[in-house]
Amino acid sequence: MNMTPKEIVSYLDDYIIGQKDAKKTIAIALRNRYRRMQLDSELQDEIMPKNILMIGSTGVGKTEIARRMAKMMNLPFIKVEASKYTEVGYVGREVESMIKDLAHESYNLVTKEYEEQIQGSIDDEVIKQIIEILVPPLPESASENTKESFIKTYNLMESKVKNGDMDDKKIIIELPKTTHVEIVDSNMPMDMSAISESINSMMGKMGKEKITKEVTIKEAKKLLRGIASDNLLDKESLKTEAVNRCENGGIIFLDEIDKIATGSNNKNQDPSKEGVQRDLLPIVEGSSVHTKYGQVKTDHILFIAAGAFHVSKPSDLLPELQGRFPLRVELNPLDESDLYQILTNTKNSLLRQYKALLDVEGVNLEFDDSAIHAFSRLSVSANEKAEDIGARRLHTVIEKVLEDISFDADEHSGETITVSEDLVKEKLEEIAQNEDTARYIL
């Protein structure tokens, strides 16, 4: 991923309003991943990633930044919730399983890249197998005239199959018997994981039996593609590359880290929370984790943690864990202007989504500018009177206004419906003014 910090921020600006400090810090951290990989190996080992802690209330853009990063980067990336993990010895997912998940994501990423590189070879292999069914090979004793005729027929068939002229014709193909059921559980202990790999290997050998199936050529192209891909890919090389990518480019977005913080004032906290922090510490610090693709060293994996910290505060985390997240960024609460920009200036905004949905029914939905300002104003008002859930409040407010329009959309096909400020007020103002009602409805 060779994007400059400015390009990364510019990309995030299309989807997230404000939060310049968070975007800037993320952009520098991502660029430093690229810079490190350009250095000699001795210096590479010395440069550790500067992990990031993002602090901000719900709905201000923490998770959205993670979502957009995942789409933007060609690096192994997973988003996990810290609250889902438990201390070793408790029932639940162990912290090490996040590294196994990252390794699995890295393997899928590398496999997809290699498949794209050998796309032509896979297509040629599939076409070759189909043509061999349509035009069986000649015996070696065939005459020259027969061979010439065969070559003409073969080339004609190849052209027709490639162009899709014969997609509806049915043929009988051979497929491996589907006895191979892969067991994938990133939470397995090391011994159980080895047993699982042995079972997978044994089931794979059993799966060498073939079954015949009658399908159209169009379906055969899809079915044979997976088999051709498996035959052409070097699985061991893919595993080695996947582990390398995971170690040097992997990024884990650790959401809801505030849910495992245990402060001195919180007397009734779950005792396993501090245990999760202790288990998380060696992973963030740098250790080796056994995965089905090989040993993964976590020294250079970048961790980006995020939390609202309403009840707890960052200082409630273990001091050692705090030290492993040296970069801290506070995300600002969203005001009326921010919510207005979210509705108007972001790609695929909520309003565009609703327009597209109703366009399916033949309804042309329009929004007055004053109505959009009303959405923003009432969302801020609801956030002040109830819990502040940031931009997520827009979903509730807009859905309440468009409820009847969406329900009766089939009756208004071919019409243009304009959402005005008066309609927004009619649907919401009375609810928003009544604090008790707003708590339950908005």
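The values are calculated or read from the model by the stated rules, or taken from the named source; none is laboratory data. On a predicted model such as this, the values are computed, not experimentally measured, just so you know. We place every Cβ from the backbone using ideal geometry, glycine too, and count neighbours over all the protein chains shown.
Among residues that are exposed (fewer than 13 other Cβ atoms within 10 Å of the Cβ), over 25 Å from Val215 (Cβ atoms), at pLDDT 80 or above and acidic (Asp, Glu), Glu116 is included.
Yes/no matrix, rows are residues, columns are (1) outside the structural domain of Arg377 (by TED's automatic domain parsing); (2) closer than 30 Å to Lys24 by Cβ; (3) not small (Gly, Ala, Ser):
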site: Ser272; (1), (2), (3): yes, no, no
site: Gln277; (1), (2), (3): yes, yes, yes
site: Ile283; (1), (2), (3): yes, yes, yes
site: Ser288; (1), (2), (3): yes, no, no
site: Thr291; (1), (2), (3): yes, no, yes
site: Gln295; (1), (2), (3): yes, no, yes
site: Thr298; (1), (2), (3): yes, yes, yes
site: Asp316; (1), (2), (3): yes, yes, yes
site: Pro319; (1), (2), (3): yes, yes, yes
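Number of residues in region 77-135 that are in a loop (DSSP other than H, G, I, E, B) and either closer than 26 Å to Asn244 by Cβ or basic (Lys, Arg) (or both) equals 4. How many residues does region 324-335 contain that are out of contact with any helix residue (DSSP H, G or I) (no Cβ under 9 Å at 6 or more places or on another chain) and within 18 Å of Lys259 (Cα to Cα)? Number satisfying all stated conditions: 0. Consider Asn383 carefully, then state whether it is without any contact (Cβ under 8 Å) to a residue 60 or more places away in the chain, buried (at least 21 other Cβ atoms within 10 Å of the Cβ) and within 21 Å of Val424 (Cβ to Cβ). Criteria met by Asn383.
Condition check ((1) under 22 Å from the mean Cα position of the chain (by Cα); (2) hydroxyl-bearing (Ser, Thr, Tyr)) across all residues:
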| residue | (1), (2) |
| --- | --- |
| Lys6 | no, no |
| Ser10 | yes, yes |
| Ala27 | yes, no |
| Leu30 | yes, no |
| Leu43 | no, no |
| Lys50 | no, no |
| Thr58 | yes, yes |
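A quick yes/no check of all residues on (1) touching a residue at least 40 places away in the same chain (Cβ under 8 Å); (2) surrounded by 15 or more Cβ atoms within 10 Å (Cβ to Cβ):
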{"position": "Ala308", "(1), (2)": "yes, yes"}
{"position": "Val311", "(1), (2)": "yes, no"}
{"position": "Glu320", "(1), (2)": "no, no"}
{"position": "Phe325", "(1), (2)": "yes, yes"}
{"position": "Thr346", "(1), (2)": "yes, yes"}
{"position": "Leu351", "(1), (2)": "yes, yes"}
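When each of Thr240, Thr216 is tested for being over 18 Å from Met98 (Cα atoms) and at pLDDT 90 or above, the lone residue that passes is Thr240. Evaluated against (1) in contact with a strand residue (DSSP E or B) (Cβ under 9 Å, 6 or more places away or on another chain); (2) at pLDDT below 90; (3) buried (at least 16 other Cβ atoms within 10 Å of the Cβ), Ile252 falls short on exactly one condition, (2). Residue count for region 33-53, restricted to those that are touching a strand residue (DSSP E or B) at 6+ places or on another chain (Cβ under 9 Å), among the polar types (S, T, N, Q) and surrounded by fewer than 16 Cβ atoms within 10 Å (Cβ to Cβ): 0.
Taking each residue of region 355-367 that is aromatic (Phe, Trp, Tyr) and looking for partners that are surrounded by 12 or more Cβ atoms within 10 Å (Cβ to Cβ) with beta-carbon atoms closer than 7 Å, six or more apart or interchain, yields Phe367/Leu351; Phe367/Val419. The criterion of being in a helix (DSSP H, G or I) and within 30 Å of Asp234 (Cβ to Cβ) does not hold for Ile151.
If I ask for residues that are part of a helix (DSSP H, G or I) and of a type in the set (Ser, Thr, Tyr), which ones from region 216-247 would you list?
Hits for region 216-247 are Ser229, Ser237, Thr240.
The single residue among Val289, Val296 that is of a type in the set (A, V, I, L, M, F, W, C) and touching a Leu at 6+ places or on another chain (Cβ under 8 Å) turns out to be Val296.
Determine whether Leu156 is under 30 Å from Val80 (Cβ atoms), in a helix (DSSP H, G or I) and modelled with pLDDT of 75 or more. No, not satisfied.
Please work out which residue is farthest from Thr298 (Cα to Cα), limiting yourself to region 318-330 and to residues that are at pLDDT 90 or above and assigned to a loop (DSSP other than H, G, I, E, B). This residue is Pro326. Any residue at all in region 372-392 that is β-branched (Val, Ile, Thr), modelled with pLDDT of 90 or more and outside any strand (DSSP E or B)? Yes, there is a match, as at least one residue in region 372-392 is β-branched (Val, Ile, Thr), modelled with pLDDT of 90 or more and outside any strand (DSSP E or B).
Could you check Leu423 against (1) under 15 Å from Lys355 (Cα atoms); (2) buried (at least 16 other Cβ atoms within 10 Å of the Cβ) and say which number it fails? Going through (1) under 15 Å from Lys355 (Cα atoms); (2) buried (at least 16 other Cβ atoms within 10 Å of the Cβ) one by one, Leu423 breaks only (1).
Residues of region 23-45 include at least one that is closer than 30 Å to Ala386 by Cβ and not β-branched (Val, Ile, Thr).
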